Structure formats: C-alpha cells, structure tokens
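Here the structure comes first, spelled out in structure tokens, and everything after it is commentary.
The values are calculated or read from the model by the stated rules, or taken from the named source; none is laboratory data. Please read these numbers as outputs of a predicted model, since none were measured by experiment. Positions of Cβ are generated from backbone atoms using ideal geometry, with glycine treated the same way; all protein chains shown enter the neighbour counts. Each accessible area value is taken on the protein alone, full model and side chains, heavy atoms only, with ligands, DNA and RNA left out. Shrake-Rupley method; radii C 1.70, N 1.55, O 1.52, S 1.80 Å.
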Amino acid sequence: MLAKGILPEKRRGKLRALLQANHRALRIMEVHNGLSAMIANDTQIRDEKGEAKDFDGLWVSGLTESAARGLPDIELQGLLSRVHEIQEIVGVSHKPILVDGDTGGTIDQLQYYIRSMEALGVSALIIEDKVFPKNNSLDFNKPQVLEAPEIFARKIAAGKKAQKSPDFMLIARIEALV
C-alpha cells in the first residue's frame with residue numbers, strides 16, 4: 001500500500017511528529033473517498049499573511065461516508081467498507097490520516113479495528129463514548145445513549161493493549177462533554 005512512496009510505517013507516525021513539532025493548531029481536511037482525498041491532498045489555503053499553506057492531514061468521517069452512500073449515520077458501515085475506503089485514500093495521499101471510529105463497536109471489534117487501521121498506516125482512530133450502535137449527535141430527535149465511564153475506560157484500555165505501534169494513537173471523543 002504505497003501512496004506516493006510512503007509505507008504504512010512511515011505514514012503512521014506523521015501525525016505524532018506534526019503534533020510534537022508544531023505549536024499551532026493543525027489543519028485537517030475531511031475526506032470520504034479517493035477523489036476527495038486527491039483534492040484535499042493538493043488543496044492549499046491562505047493564512048492571515050496571504051501565504052499558501054497545505055492541509056496537515058486527512059479526517060475520514062463516518063458521517064460523510066454514510067451520507068455519500070445515502071445512509072443514516074448509525075454505524076451501518078462495516079469494517080471491510082472502511083478498509084476499502086481507506087485503501088483508496090492512502091493510494092492518493094501522503095498525509096497522515098485520522099479515522100472516525102464511531103463507538104468502535106465491541107471490545108473485540110475495536111481491537112480488530114485498531115490492528116486493521118495500523119496495517120493501513122492510519123495515524124489515529126477516534127472513538128466516542130456512546131453505546132453501540134450510536135445515533136448521530138446532530139439528530140436531536142433520537143436519544144444519545146452514553147456508555148458508562150468505567151465500560152468506556154475498559155474499552156480504551158483494551159484498544160491500547162491491541163495496538164502494536166507506538167506511533168498509532170487511539171483518541172477518545174467524550175460526547176458526555178457535549
């Protein structure tokens with residue numbers, strides 16, 4: 001899975017390196033397929049001084065992946081669908097990738113998810129503290145059922161245990177704060 005000559009091992013650590021080297025907010029662009037990744041990879045924005053700046057990384061969103069397929073954002077996309085989507089993205093971009101992992105599923109599913117994302121060269125998987133399967137946070141007509149904090153903590157610990165690379169990050173998105 002070479003993307004512009006970048007092996008998964010090298011890509012995986014790019015986000016951590018950016019976070020350690022920069023004292024500014026990173027610019028991350030949402031992508032949901034190979035075409036959007038090609039656009040984000042080559043798009044520049046102008047900063048307050050008028051200088052052209054690249055985006056630092058790519059965000060693979062569950063919401064937009066679902067929307068692009070005409071589906072509700074309720075974790076209908078399976079891991080194999082996500083893997084295929086990310087394979088398209090790594091094939092056209094050299095940037096670090098952050099993946100929206102929704103709830104991560106069960107502990108066993110999360111561990112498999114992490115190993116799959118690491119193998120693709122993903123830099124970070126972000127999971128939220130909702131009960132599987134979740135409802136989209138923007139759907140105010142459906143209940144937002146949160147995982148008990150101790151269960152979510154066990155899930156995070158199990159996910160970190162499954163991780164093989166020190167460069168890979170598992171990030172908790174705490175919906176309870178919203």
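Observations on the model:
- Enumerated strands (runs of 3 or more DSSP E) restricted to the range 45-122, each holding at least 3 residues that are farther than 27 Å from ILE151 by Cα: 52-54
- Qualifying positions in the range 78-123 - surrounded by fewer than 18 Cβ atoms within 10 Å (Cβ to Cβ) and polar (S, T, N, Q): SER81, GLN87, THR106, GLN109, SER116
- Scanning the range 123-164 for residues that are aliphatic (A, V, I, L, M), free of Cβ contacts under 8 Å to residues at least 40 places away in the same chain and assigned to a helix (DSSP H, G or I) yields ILE151, ALA153, ILE156, ALA157.
- Residue match in the range 3-26 (condition: closer than 25 Å to GLU128 by Cα, in contact (Cβ under 8 Å) with a residue 24 or more places away in the chain and either open to solvent by 60 Å² or more (accessible area, probe 1.4 Å) or acidic (Asp, Glu) (or both)): yes
- Which numbered condition ASN41 misses (of (1) more than 15 Å from the chain's Cα centre (by Cα); (2) outside any loop (DSSP other than H, G, I, E, B); (3) surrounded by fewer than 17 Cβ atoms within 10 Å (Cβ to Cβ)): (3)
- The range 154-178, residues that are open to solvent by 50 Å² or more (accessible area, probe 1.4 Å) and either at positive phi or out of contact with any strand residue (DSSP E or B) (no Cβ under 9 Å at 6 or more places or on another chain) (or both): ARG154, ALA157, LYS161, LYS164, PRO166, ASP167, LEU177, VAL178
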